[in-house]
Amino acid sequence: MRIRALAGCLALLSVALLAGGCGGKVHRPFDGESLNGWAFKGDAAKSKWMVGEAQMSEVNPRLLDVEPGEGQLINNATAHGDSIDIYTIQKYGDCRIQLELMVPTKSNSGIYVMGEYEVQVLDSWGVQEMKPSDIGAIYGAAVPKVNASKRPGQWQKFDILFKAPRFDDRGNKVENAKFIRVKLNGKTLHEDLEMPGPTPAGVTGQEHSRGPLMFQGDHGPVAYRKIKITEKDLTGK
């Protein structure tokens, strides 16, 4: 029995290693009930971020219908520029980000890893030739290998493994940030993609060893849920 138990533990360890390094502390920055732990980029009075339950509007499929509830972080914007970006107060370095999102027809948002490197969010259902603005693109850096998008109004799952940039004792960058892997709905979009610098419109526009998770809110309505950030040590990867 002890041999079987040991074998089982080794098998689990192998799976963890293949998934991208030893697991670390798990963070759930969205408690499902409030915006505690989040800050706004800009005037908070302009924010349309809220907690509730959203679905694509049947009357206007470009919008979301939001009901009171829990579990979803929702930007209930109605037009471009109608809201602002939101980001976690807590900062992260090497990490795995897992989350689900839902966009209505033609809506647009973005997932900013460390607050500075954008994974594009867009309704890209039916697109034949992916562009730098389509879902899963690393904005300004790489187009996704495939279109893994679901129909607008459906929940979609991102799985992002990210290595933070490295700096020496004087603050000089000695190693670029890297998207080790980006998956959307189980399909691989990017692997081992180095980032020589940040993408536009981040929290600070500068690179750091740790940074927040930011969601773009000034482009269109979107809902996020099941946000999980696992610390990783990706040294050497």
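The values are calculated or read from the model by the stated rules, or taken from the named source; none is laboratory data. Since this is a predicted model, take the numbers as computed values, not measurements. Backbone-built Cβ (ideal geometry, glycine too); neighbour counts: all protein chains shown. SASA here: full protein model, heavy atoms, side chains in, ligands and nucleic acids out. Shrake-Rupley method; radii C 1.70, N 1.55, O 1.52, S 1.80 Å.
Points worth noting:
- Residue within region 189-211 that is assigned to a strand (DSSP E or B), under 30 Å from R62 (Cβ atoms) and out of contact with any Lys or Arg (no Cβ under 9 Å at 6 or more places or on another chain) present: no
- For G24, the criteria (1) assigned to a strand (DSSP E or B); (2) farther than 18 Å from G217 by Cβ; (3) at pLDDT 95 or above hold in every case but one, which is (3).
- Flag for L234 being within 16 Å of the chain's Cα centre (by Cα), in contact (Cβ under 8 Å) with a residue 12 or more places away in the chain and buried (at least 18 other Cβ atoms within 10 Å of the Cβ): no
- Selection within region 139-179 - among the charged types (D, E, K, R), farther than 17 Å from E100 by Cα and out of contact with any His (no Cβ under 9 Å at 6 or more places or on another chain): K163, R166, D168, D169, R170, K173, E175, K178
- In region 43-63, the residues that are open to solvent by less than 40 Å² (accessible area, probe 1.4 Å) and either more than 19 Å from G217 (Cα to Cα) or assigned to a loop (DSSP other than H, G, I, E, B) (or both): S47, S57
- Any hit, region 29-42, residues being among the basic types (K, R), open to solvent by 50 Å² or more (accessible area, probe 1.4 Å) and not in a loop (DSSP other than H, G, I, E, B): yes
- The requirement of being closer than 14 Å to E116 by Cβ, touching a residue at least 24 places away in the same chain (Cβ under 8 Å) and open to solvent by 40 Å² or more (accessible area, probe 1.4 Å) is not satisfied by A177.
Conditions tested, residue by residue: (1) closer than 29 Å to R210 by Cβ; (2) modelled with pLDDT of 95 or more.
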site: L63; (1), (2): no, yes
site: I84; (1), (2): yes, yes
site: I89; (1), (2): yes, yes
site: Y92; (1), (2): yes, yes
site: E118; (1), (2): yes, yes
site: Y139; (1), (2): yes, no
site: P152; (1), (2): no, yes
site: I160; (1), (2): yes, yes
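- Flag for G115 being of a type outside the set (A, V, I, L, M, F, W, C), open to solvent by less than 50 Å² (accessible area, probe 1.4 Å) and over 12 Å from the mean Cα position of the chain (by Cα): no
- Some residue of region 122-130 being under 30 Å from F167 (Cβ atoms) and modelled with pLDDT of 95 or more: no
- Among residues of region 127-151 that are without any contact (Cβ under 8 Å) to a residue 40 or more places away in the chain and basic (K, R), those with a beta-carbon under 9 Å from a residue that is open to solvent by 80 Å² or more (accessible area, probe 1.4 Å) and part of a loop (DSSP other than H, G, I, E, B) at least six positions away or on a different chain give the pairs K150/W125; R151/W125.
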